[in-house]
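Since the structure comes first, as structure tokens, the remarks are kept for the end.
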Amino acid sequence: MAAPAAAFEVKTLSPPPPPRRARGVLPGFGLTLGYTMVYLSLLVLIPLSAVFIRSLGLGWGHFYEVVTAPRVVASLRLSFGASLIAALINVIFGLIVAWVLVRYTFPFKRLVDAMVDLPFALPTAVAGIALTALYAPNGWLGKWLLPLGIKVAFTPLGIVVALTFIGLPFVVRTLQPVLEDLDREVEQAAATLGASAAQSFVRVIMPALWPALLTGFALAFARAVGEYGSVIFIAGNMPMKSEIAPLLIVTKLEQYDYAGATAIAVVMLVLSFGLMLGINALQHWALSRHGGR
Amino acid sequence: MSIALRGIGKQFGEFAAVQNIDLDVPTGALIALLGPSGCGKTTLLRIIAGLETPDEGHVLFDGRDATLWPIRDRKVGFVFQHYALFRHMSVFENVAFGLKVKPRRERPAPKEIRSKVQSLLELVQLGWAGDRYPAQLSGGQRQRVALARALAVDPDVLLLDEPFGALDSQVRHELRRWLRRLHDELHFTSIFVTHDQQEAIEVADTIVVLNRGRIEQCGVPSEVYDLPTSAFVHRFLGQVNELPVQSRGGRAYLGPIDISAASALGTGSEANIALIRPHEIEVGAAASGWPAVVVAVRVIGPIVRLELCAEGQPANEPLEAEISRERYEGERFVVGQKVGLRFRRWQLYPATGAAA
């Protein structure tokens with residue numbers, strides 16, 4: 001017993017070895033993190049701080065006055081409200097589209113699948129003009145809706161239509177891989193345990209989809225808040241009624257009111273960032289419920 | 001509940017997964033569907049569960065035609081090879097699932113559900129794991145959760161699809177014995193699919209050997225092992241040595257050994273093949289039997305496996321013989337030693353059908 005004790009003591013006399021860092025298979029944490037920070041700074045952080053700095057030129061009182069002007073408040077409410085509705089519509093119908101594309105085979109499926117990406121690729125002005133032509137009171141769809149008392153073009157409803165159009169691919173494309181990865185056996189297990197189709201969907205499939213649905217919602221929502229091109233054609237752009245915040249920013253820029261424009265931009269930025277942060281937190285919570293993963 | 005299959009057939013495109021299957025599973029039986037991968041055993045199990053619809057034939061539950069019954073009305077418990085647990089639910093919620101989705105009228109009170117789930121978890125020795133999530137459990141534990149989940153709805157039939165296939169051999173062995181005990185205690189009808197002949201022999205009352213979508217043989221384990229009706233079954237249920245039967249002057253020989261007296265089959269001109277299990281080869285003194293040389297000796301726990309190159313046989317196809325450890329301790333065979341071989345038992349099959 002004495003000998004091992006002595007050997008142990010010798011060991012404690014030498015200086016403790018430096019702590020070993022866990023090594024990944026691929027090296028380069030320092031380099032890639034540095035790159036990430038520089039890249040994000042150049043592309044996101046610096047331009048956006050410029051917006052803040054510029055708006056500071058107004059001074060608090062003036063800033064408050066600009067962003068609480070009724071026309072600005074109405075436009076912000078419209079922008080965020082319409083985006084929210086559009087994103088919610090996309091979550092529901094995007095889920096159905098993704099489901100059909102993943103679960104079933106039908107003729108021209110590849111073609112339909114490619115069509116989902118069109119809102120990504122199309123210049124948004126083209127989308128706006130097309131939608132306006134369609135929904136205008138004398139358009140193909142508009143003339144049938146008008147007798148029913150539904151006016152789409154040149155109303156907030158038209159804005160929602162345009163924002164839904166541009167947001168669709170975000171939901172579909174985030175859901176597709178998750179749906180493909182869903183284990184069919186889990187649904188079959190639910191069925192053998194006596195669950196109805198609806199119960200399987202609500203209790204087994206939806207919990208697995210929540211994180212992806214939230215991501216899709218967040219992306220579609222963020223895209224809709226920032227959308228400009230397609231909306232200005234269909235919106236009619238009546239102040240207080242159908243004027244979105246990005247348009248108001250452009251209007252102020254055209255009047256050389258740079259500080260005013262950036263003030264609205266700052267409010268949009270803060271609101272968007274807060275919402276994104278909230279959605280991320282929600283997603284983190286949804287994911288953490290899988291236990292250990 | 002008894003299950004009967006009548007003329008079941010199922011195609012996947014051009015591939016006939018199962019063809020014309022007739023099978024009777026009496027109430028309370030524990031049956032193994034055994035076969036190589038692609039033999040249709042899983043398809044057959046899924047047809048019974050209602051997860052696949054057969055193209056032809058009928059599935060009878062207690063004599064009633066259940067072929068087109070929806071899955072949820074069949075009262076079958078299904079255990080999947082890869083567990084198929086609900087990842088976002090705790091172990092407790094997984095097991096309770098089948099009870100919670102029952103229609104309101106039949107659903108037990110929350111307190112009852114709680115105590116039932118807890119007792120099921122105790123049954124599978126996971127009483128402590130109710131709050132854990134599947135991701136936090138080992139493979140063997142997850143499969144036990146899957147079993148408890150299947151048992152929660154009091155199924156009349158328990159179907160298990162290679163339930164222990166993804167587990168390591170120690171855990172597998174333990175779970176097999178445990179499944180057998182559970183079956184004896186609870187008396188449900190069980191059918192399990194496996195490609196492991198040892199598992200089938202250890203656990204089942206009856207083994208159904210499948211090959212290319214058809215039933216090759218059906219019987220109690222010892223019968224299927226000792227009296228295989230085809231070369232395929234003989235090969236699939238354990239190690240075999242294959243030797244061609246030579247006929248000279250109207251007599252049949254295995255090497256120099258005259259087997260005419262002992263075999264009904266194959267004294268004619270047709271080519272036959274003899275299948276001999278390793279423990280059916282007797283290794284004796286050099287002067288007796290078929291001269292052979294020991295080329296390898298491997299001690300595997302209680303048995304010793306000898307590789308033997310018999311005279312006149314190709315050197316790259318040595319015969320395998322198994323002798324008991326006790327005998328080996330006495331005789332100490334060494335590599336290069338000359339010995340004589342005799343065969344205690346063999347079975348002859350026509351060589352044409354042997355190429356499976």
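The values are calculated or read from the model by the stated rules, or taken from the named source; none is laboratory data. All figures in this text were calculated on a predicted structure; none of them were measured in a lab. Cβ coordinates were reconstructed from backbone atoms using ideal geometry, including for glycine residues, and neighbour counts include every protein chain displayed. Just so you know, the surface numbers come from the protein's heavy atoms only, side chains and all, with ligands and any DNA or RNA stripped out. Shrake-Rupley method; radii C 1.70, N 1.55, O 1.52, S 1.80 Å.
Any residue at all in the stretch A:131-141 that's away from every other protein chain (no Cβ under 14 Å), open to solvent by less than 30 Å² (accessible area, probe 1.4 Å) and not in a helix (DSSP H, G or I)? I'd like the intermediate steps shown before the answer.
First, pick out the residues of the stretch A:131-141 that are away from every other protein chain (no Cβ under 14 Å): A:131-141.
Those left that are additionally open to solvent by less than 30 Å² (accessible area, probe 1.4 Å): A:131-132, A:136, A:139.
Okay, now just the ones that are also not in a helix (DSSP H, G or I), so A:136, A:139.
Yes - at least one qualifying residue is present in the stretch A:131-141.
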A:Val73: passes all of (1) free of Cβ contacts under 8 Å to residues at least 40 places away in the same chain; (2) more than 18 Å from A:Asp257 (Cβ to Cβ) but (2)
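If you scan the stretch B:313-352, which residues turn out to be under 21 Å from B:Ala252 (Cβ atoms) and open to solvent by 80 Å² or more (accessible area, probe 1.4 Å)?
B:Glu317, B:Arg342, B:Arg344, B:Arg345, B:Thr352, listed by residue number.
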Given the conditions (1) closer than 24 Å to A:Ala114 by Cα; (2) within 11 Å of chain B (Cβ to nearest Cβ); (3) open to solvent by 30 Å² or more (accessible area, probe 1.4 Å), every one holds for A:Leu209 apart from (3)
Counting only residues in the stretch A:219-234 that are out of contact with any Gly (no Cβ under 6 Å at 6 or more places or on another chain) and surrounded by 21 or more Cβ atoms within 10 Å (Cβ to Cβ), the one farthest from A:Arg184 (Cα to Cα) is identified as A:Ile232
Scanning the stretch A:119-135 residue by residue, those over 15 Å from A:Gly158 (Cβ atoms) and polar (S, T, N, Q) turn out to be none
Listed by first then second residue, the pairs whose first member lies in the stretch A:262-289 and is open to solvent by 80 Å² or more (accessible area, probe 1.4 Å), whose partner is outside any helix (DSSP H, G or I), with beta carbons under 8 Å and at least 6 positions apart or on separate chains, are A:Leu287/A:Arg293; A:Arg289/B:His88
Within the stretch B:128-161, of all residues that are surrounded by fewer than 21 Cβ atoms within 10 Å (Cβ to Cβ) and of a type in the set (D, E, K, R), the one farthest from the other protein chains (Cβ to nearest Cβ) is B:Asp156
From the option list A:Ala153, A:Ala86, single residue qualifying as touching a residue at least 40 places away in the same chain (Cβ under 8 Å) and outside any helix (DSSP H, G or I) is A:Ala153
Checked the stretch B:107-127 for anything closer than 22 Å to B:Leu186 by Cα and either surrounded by fewer than 12 Cβ atoms within 10 Å (Cβ to Cβ) or polar (S, T, N, Q) (or both); matches are B:Glu112, B:Ser115, B:Gln118, B:Ser119, B:Gln125
Residue count, the stretch B:1-23, condition surrounded by fewer than 16 Cβ atoms within 10 Å (Cβ to Cβ) and either on the phi > 0 side of the Ramachandran plot or in contact with a Cys (Cβ under 9 Å, 6 or more places away or on another chain) (or both), comes to 3
Okay, strands (runs of 3 or more DSSP E) sitting entirely in the stretch B:174-293 with 1 or more residues that are within 15 Å of the chain's Cα centre (by Cα), I get B:189-194, B:206-211, B:214-219
Residue count, the stretch B:86-104, condition closer than 15 Å to B:Leu123 by Cβ and open to solvent by 10 Å² or more (accessible area, probe 1.4 Å), comes to 1
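Taking the stretch B:36-75 as the search range and keeping residues that are of a type in the set (Lys, Arg) and within 13 Å of chain A (Cβ to nearest Cβ), which one is least open to solvent (accessible area, probe 1.4 Å)? Give the derivation first.
Going through the stretch B:36-75, the residues of a type in the set (Lys, Arg) turn out to be B:41, B:46, B:64, B:72, B:74-75.
Among the residues that remain, those that are also within 13 Å of chain A (Cβ to nearest Cβ) are: B:46, B:72, B:74-75.
Details: B:Arg46: 33, B:Arg72: 102, B:Arg74: 7, B:Lys75: 99 Å².
Going through the qualifying residues, I end up with B:Arg74.
Starting from residues that are part of a helix (DSSP H, G or I) and open to solvent by less than 50 Å² (accessible area, probe 1.4 Å), keep the ones in the stretch A:51-72 and report whichever is modelled with the lowest pLDDT. Walk me through it before giving the result.
Just the residues of the stretch A:51-72 that are part of a helix (DSSP H, G or I), to begin with: A:51-56, A:60-67, A:70-72.
From what's left, open to solvent by less than 50 Å² (accessible area, probe 1.4 Å): A:51, A:55, A:63, A:66-67, A:72.
Values: A:Val51: 86, A:Ser55: 83, A:Phe63: 87, A:Val66: 86, A:Val67: 86, A:Val72: 91.
So the residue we want is A:Ser55.
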Note on B:Pro108: of the conditions (1) within 12 Å of chain A (Cβ to nearest Cβ); (2) at pLDDT 90 or above; (3) under 20 Å from B:Gly77 (Cα atoms), unmet is (1)
Over the stretch B:183-196, the set of residues more than 18 Å from B:Val76 (Cα to Cα) and buried (at least 21 other Cβ atoms within 10 Å of the Cβ) is B:Thr194
inquiry  = Could you go through the stretch B:312-325 and let me know if any residue there is assigned to a loop (DSSP other than H, G, I, E, B), over 24 Å from B:Gln246 (Cβ atoms) and among the basic types (Lys, Arg).
reply    = no
When (1) more than 19 Å from B:Gly7 (Cβ to Cβ); (2) in contact with an Asp or Glu (Cβ under 9 Å, 6 or more places away or on another chain) are applied to B:Ser37, the one that fails is (2)
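Counting only residues that are of a type outside the set (A, V, I, L, M, F, W, C) and under 20 Å from B:Ile201 (Cα atoms), how many does the stretch B:28-60 have?
Applying the first criterion (of a type outside the set (A, V, I, L, M, F, W, C)) to the stretch B:28-60 yields B:28, B:35-38, B:40-43, B:46, B:50, B:52-58.
Then keep just the ones that are under 20 Å from B:Ile201 (Cα atoms); that gives B:28, B:35-37, B:40-42.
Of the residues in that region, 7 qualify.
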Result of the Cβ filter at 6 Å on the stretch A:165-184, keeping first residues that are away from chain B (no Cβ under 14 Å) and over 15 Å from A:Ala222 (Cα atoms) and partners that are surrounded by fewer than 24 Cβ atoms within 10 Å (Cβ to Cβ) and among the small types (Gly, Ala, Ser), at least 6 apart or interchain, is A:Leu175/A:Ala212
